[in-house]
Amino acid sequence: MPIINMPLDLLLRLVNAGRKVIDESQVAKTLDHMGVELEELATTRAFACTCENVIDRTEAQGEPLNCPKCGCDFRERPDRLRPLGQNHVARLNLLAVRPDIFDPGGMARYMRGFLGVRTGLVEYPVAPPKLAVQVDPCLGRDESYRPNIACAVLRNVHLDNERIKLLMNLQEDLHWALGRDRKLASIGVYDLERLNGRGPAFRYRAVEPEELRFVPLGFSPADPAASLTPRDILTRHKTGVAYAHLLAKFSAYPLLTDGDGTVLSMPPIINSEATRVTMKTRQCFVDVTGLAQRTVDRALNILLSGLKEVMPELEIEAVNIDYPSGRLVTPDFTPARMSLDVQTAADTIGVALDAPALAALLERMGHGVEPPAGPRATSLSVRVPAWRNDVMHPVDLIEDAAIAFGYDKLTPRLVPTFTVGAPRAIEEHSTVARRIFTGLGFHQVMTLPLTSELAAFDKWGVPHDPRAVQIENPISSEQTICRVSLLPGVIETLAINKQYDLPQYLFEVGDCCFADPAAETGAREERYAAAAMIGTHVGFADIRAVADAFAREMNATLEFRPVSLPGFIPGRAASLHAGGEQIGSLGELHPECLEAAGLRHAVAVLELSLERLVAAAVAD
Amino acid sequence: MHLPEMQFNVLRAVANAGTSELTELARALAADQSPVAAACLALQDAGYLSVRESEFDEFRLGPDAEPFAAAPLPERVIVGVLKAAGGRCRITDIPSHCPLNAGQVGQSLRLLAQRGWARKEADTLVLLDGFSEAAQPDEALIRALAGGRVARREQLAAQGVDVAAAAELLKPRKGFLVVKGRTDRRAELTDAGRALLAAGVSARRSVTQLTPDLLADGGWRQVELQPYDVTLAARTLYPGKEHAFQRTLEKVRRVFLEMGFTEIVSPWVESSFWDFDALFQPQDHPARDMQDTFYVARPARTQLPDDQLVERIRRTHEDGGDTGSTGWRYRWSREMAHKPVLRTHTTAATIRALAAHARPTAARPLAPSAPSPGKYFVIGPVYRRETVDYKHLPVFHQVDGIVVDPHASLATLLGTLAAFYGKMGFPKVRFRPSFFPYTEPSAEVFLYLEHRQEWVEMGGSGIFRPEVTLPLGIRDRVLAWGLGLERLAMMIHNLKSIGDLYFATMPWLREAPLSRA
């Protein structure tokens, strides 16, 4: 999960709003109670690049080497880096489910309610739309699928370094949490004064890869070579190349223009240089495009409500979105209405709560609650903020109430219901198996259930087992299959212990996994037991004696048949049979195997299916 | 009166010889010194002997002195040369008149000056009047100890050697004289010893091993069972052992069985359906990425449960179905649900158990809408696409548990987990609000480690969302948790790296104490 730096001065200023409610020393505990994972409280230094990007660095990180936005290398161009001073920050683990609280504005709103400074639903005024966006039906088709858009106009905008950084961070966090790295939603913010905001409707349409040219963000408009086609952007622009996979399967690309055809952006890839937001910007146009209206609406609501908290002077103006199917007005801050059963909430949390008490808890979490008829009211009518992306069911309101109530104020107790426990039989048999081996002086090892064909088969000259489960996307060449035998792991353990006293007697009791078309998921586990002995005088007779003892104690009868097995010395291997089927094998390892493992003493091994041995024993 | 054989022999020998030195006593008894010394000590403890100890020095020649037992010291040779040369000689000329080389001559100059025999004047050595032909004490000592003789101070003095002067003279010459401090032990009969001998005493054989023969014929009655030094260290033994992690897993298992839970299992290779979809994880959830989850190429496809259940899950994802939820509002793909993964959590097992719990059985013939309460737990490996480091492996163990109960609440969830960790030996447990996709409310569990004085996160817990339980036909609330076990085991067994569990060394396997689980 990404970690974000929440500027504490700004946060506390917004929460306290002139009063003294909370200071820095109380932040850690409060965040903990709010369910926010605080990594640390730290001091960061802020740096500005000449591209207006602001970079926050902790003491440990030191000065930045390059600008993540424009790519400028500060080692070569130290003149482009400007220190902005120190910040106290709370380093927070960003939670995907609550993107509405990972900007100072949203977090301040949550904390204010939680601490009781200002509870209930916050309402943000929205001016009626003057602008419209016309959505081309092509966007809903397979060749260019990014059908949804939500927009807003921001007036009376005043930006400084801190606010630009805030805007960027909020965009980035939303791209991660809601947008799945721009796939589901991507956000653009533009200088409206560089566009024709009074003329015909803006257009959200799809264009052919070579249909037109525009100067993407980061390129100089003065440079004639900087004017690129959408295809050029995907193959030549840094950001374009990084996100090209999002458009890879389409033949036409989304494009947002004003009524005169000036390009705002090519979602979800890049904005145009012409519409870039600077500190001089006074009016903005904001768009979120994506694959579902719900997602783009939420992203827009979170962005706007967060900005409005930090910039109270901001005026939000709606935009008409003209879909072929009809008109939508965004942003839409209408809260969702939910009914919450008081008793269910109290029972779920496990405390006595009446309607007014529950209502007070929910108001502290930022919900609007219709005043309940009285303590005996059985349900509450709740208005859920339009920037909450995680409230899908009344149970989500119950969690909010529980957090407001305080987990540390709950009295832990047990359910009063009596139940009878029961172990699994194979686990009990495994306990017996381990007891036998330890009684014989063996030490148990536990080895990884993941292995590779190299370590499991090739190393020992054993043919590949077609029943091995194969991983489609292994993370390392050492773990590509599930084990079908415990022995390679046990022998490897001997190998890592060759400098220690001999003899060494090891065993493992564990599951092996086999692809099996008859199994529901196409594979099944089987419990195995394996043992290995190494020493100057170790031989077949020793492991045979162990096998005999094991079978005797498990109340099973083992039959030994001479067999020729790869990996074993010819004439010193036997297959094990019980209940009429082969259940395992034992013998002395071939010197080639010992060489492969780097072992310098004789090794005798045994492996059998514990499950089959037990079945045979029961059958007896 | 009986005495052990050796003690009897010693007592009698001392009585016959009067005062006896212990080495001589051993020689006289034709026995090793240590049993003789032990017998003397025992007799002294019993009051029959007194052993007097006195320190003495023992002298013998070092390896460098031996040649001079027969030949004169270099100083003596140089004096001869000087005398022949009329009392003085250039130092550089001396080697040409004697067997000494220039180095030996040089080394002798200081010694000659010390004795007052010769003095160096510029490049010439001059014979002095102090020179004496008489053998000096060091020369006398060398001669007295010739041939490897070992002698005490008083023996040498008796021969007329001034030992102190000789030792002083030889001090600058390394490897000439070896002096060792020794102890003289002399045993003497006490009055009690004399009385014992007068009263009559006989020997009894002393044995170390109590043999079957001694037991069979009662011979043990006639022998002395030799006492041992019971404080001595013995050789190191290790019993065969269950692996330390196994012991922790067993303890976890036992605790849940004690708390009335039924043990369950689920396959390692799991369908995306049970691993994710049944837990209301949307199909585009990042946890389902190839980045984080191991997908399985063989087998290529899993079966799905009955169509009715699959349909209920589909509707729950898409629009909430009958659960009262909004759902995720996307088009759910049945094909994705077929895709096999290595299970990413043991919650796959508890969710299967929950589905089975809702189905009436012969043992539980209740209507599916009102199944009886139930408690289930599972312990097993889970798989995540993690890069290996000291605290991560692509496989680790979890314990997942669920409680289906009309009394299930956040308070009883915290109580159940606190009871579990209390039984595991961690009485201080704390819960923090958290967010998980399939539980609501959710809590993270922290344990307080006394020795590290810090809280450590152990895993997640919560109450299953209605979107999870209702499609399965479960109407009661269900408490659920998934807790990591490697971290717990590393805390219990004081391990620094998770790899220590899976790539174990013999010393650790042998030494990790069984009492620790």
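A few comments on the model shown:
- For region B:54-69, residues that are farther than 17 Å from residue B:177 by Cβ and at pLDDT below 85 total 0.
- Of all residues in region A:194-234, those satisfying the criterion of being in a helix (DSSP H, G or I) and loosely packed, with under 15 Cβ neighbours inside 10 Å are A:224, A:225.
- For region A:519-533, the criterion of being within 11 Å of another protein chain (Cβ to nearest Cβ), of a type outside the set (D, E, K, R) and either assigned to a helix (DSSP H, G or I) or surrounded by fewer than 18 Cβ atoms within 10 Å (Cβ to Cβ) (or both) is met by at least one residue.
- Of residues in region A:391-407 being part of a helix (DSSP H, G or I), within 24 Å of the chain's Cα centre (by Cα) and more than 7 Å from chain B (Cβ to nearest Cβ), the one nearest to residue B:444 (Cα to Cα): A:400
- Matching residues, region B:300-317, being surrounded by 15 or more Cβ atoms within 10 Å (Cβ to Cβ) and within 12 Å of chain A (Cβ to nearest Cβ): B:302, B:304, B:305, B:316, B:317
- Flag for residue B:143 being touching a helix residue (DSSP H, G or I) at 6+ places or on another chain (Cβ under 8 Å), closer than 25 Å to residue B:18 by Cβ, of a type outside the set (S, T, N, Q) and not assigned by TED's automatic domain parsing to the domain that holds residue B:37: no
- Candidates A:499, A:504 - the one that is within 10 Å of chain B (Cβ to nearest Cβ) and in contact (Cβ under 8 Å) with a residue 12 or more places away in the chain: A:504
- Filter result (farther than 11 Å from residue A:152 by Cβ and polar (S, T, N, Q)) within region A:285-304: A:289, A:293, A:295
Listed here are the residues, each with its yes/no results for (1) closer than 22 Å to residue B:347 by Cβ; (2) facing chain A (nearest Cβ under 7 Å); (3) not charged (D, E, K, R).
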residue: B:219; (1), (2), (3): no, no, yes
residue: B:228; (1), (2), (3): no, no, yes
residue: B:233; (1), (2), (3): no, no, yes
residue: B:245; (1), (2), (3): yes, yes, yes
residue: B:255; (1), (2), (3): yes, no, yes
residue: B:263; (1), (2), (3): yes, yes, no
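- Which numbered condition residue B:78 misses (of (1) hydrophobic (A, V, I, L, M, F, W, C); (2) under 60 Å from the mean Cα position of the chain (by Cα); (3) at pLDDT 85 or above): (2)
- Contact annotation: residue pairs with Cβ atoms under 7 Å, 6 or more positions apart or on different chains, pairing a residue in region B:128-142 that is within 18 Å of residue B:80 (Cα to Cα) with a partner that is assigned to a loop (DSSP other than H, G, I, E, B), are B:128/B:116; B:128/B:117; B:130/B:116; B:130/B:117; B:131/B:117; B:139/B:73.
- Residue within region B:454-475 that is more than 10 Å from chain A (Cβ to nearest Cβ) and free of Cβ contacts under 8 Å to residues at least 24 places away in the same chain present: yes
- Residue that is farthest from residue A:439 (Cα to Cα) [pool: residues in region A:552-571 that are touching a helix residue (DSSP H, G or I) at 6+ places or on another chain (Cβ under 7 Å) and crowded, with 19+ Cβ neighbours inside 10 Å]: A:567
- Residues (assigned to a loop (DSSP other than H, G, I, E, B) and not charged (D, E, K, R)) located in region B:169-191: B:172, B:175, B:176, B:190
Residues checked against (1) surrounded by 15 or more Cβ atoms within 10 Å (Cβ to Cβ); (2) at pLDDT 85 or above; (3) within 30 Å of residue B:49 (Cβ to Cβ):
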site	(1), (2), (3)
B:120	no, yes, no
B:157	no, yes, no
B:166	yes, yes, no
B:182	no, yes, yes
B:185	yes, yes, yes
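- Selected residue (only one of A:378, A:348 is touching a helix residue (DSSP H, G or I) at 6+ places or on another chain (Cβ under 6 Å), away from chain B (no Cβ under 14 Å) and more than 20 Å from residue A:110 (Cα to Cα)): A:378
- Selection within region B:427-449 - within 32 Å of the chain's Cα centre (by Cα) and hydroxyl-bearing (Ser, Thr, Tyr): B:448
- Test set (1) within 25 Å of the chain's Cα centre (by Cα); (2) not assigned by TED's automatic domain parsing to the domain that holds residue A:29 - residue A:134 fails condition number: (1)
- Every pair of residues 6+ apart whose Cβ atoms lie under 7 Å, when the first sits in region A:427-448 and is more than 7 Å from chain B (Cβ to nearest Cβ) and farther than 12 Å from residue A:510 by Cβ while the second is assigned to a helix (DSSP H, G or I) and among the β-branched types (Val, Ile, Thr): A:429/A:614
- Some residue of region A:185-207 being touching a Cys at 6+ places or on another chain (Cβ under 9 Å) and either among the basic types (Lys, Arg) or free of Cβ contacts under 8 Å to residues at least 12 places away in the same chain (or both): yes
- The residues in region B:424-441 that are facing chain A (nearest Cβ under 7 Å) and closer than 19 Å to residue A:392 by Cβ can be counted, and the count is 5.
- For region B:321-329, the criterion of being without any contact (Cβ under 8 Å) to a residue 60 or more places away in the chain, touching a Pro at 6+ places or on another chain (Cβ under 6 Å), assigned by TED's automatic domain parsing to the domain that holds residue B:271 and buried (at least 19 other Cβ atoms within 10 Å of the Cβ) is met by at least one residue.
- Filter result for residue A:112 (within 30 Å of the chain's Cα centre (by Cα), in a loop (DSSP other than H, G, I, E, B) and not assigned by TED's automatic domain parsing to the domain that holds residue A:54): no
- Selection from region B:372-391 of residues that are modelled with pLDDT under 90 and closer than 16 Å to residue A:478 by Cβ: B:386, B:387, B:388, B:389
- Scanning region A:83-109 for residues that are surrounded by fewer than 21 Cβ atoms within 10 Å (Cβ to Cβ), outside any loop (DSSP other than H, G, I, E, B) and within 14 Å of another protein chain (Cβ to nearest Cβ) returns a single hit, A:93.
- If the condition is being farther than 13 Å from residue B:125 by Cβ and over 60 Å from the mean Cα position of the chain (by Cα), then region B:85-110 contributes B:96, B:99.
- Assessment of region A:482-493 against the conditions (under 16 Å from residue B:393 (Cβ atoms), assigned by TED's automatic domain parsing to the domain that holds residue A:591 and polar (S, T, N, Q)) yields at least one matching residue.
- Hey, residue B:13 in contact (Cβ under 8 Å) with a residue 12 or more places away in the chain and more than 44 Å from the chain's Cα centre (by Cα) or not: yes
The values are calculated or read from the model by the stated rules, or taken from the named source; none is laboratory data. For clarity, every value in this text was computed on a predicted model and none was experimentally measured. So basically every Cβ, Gly included, is an ideal-geometry build from the backbone, and we count neighbours across all protein chains shown.
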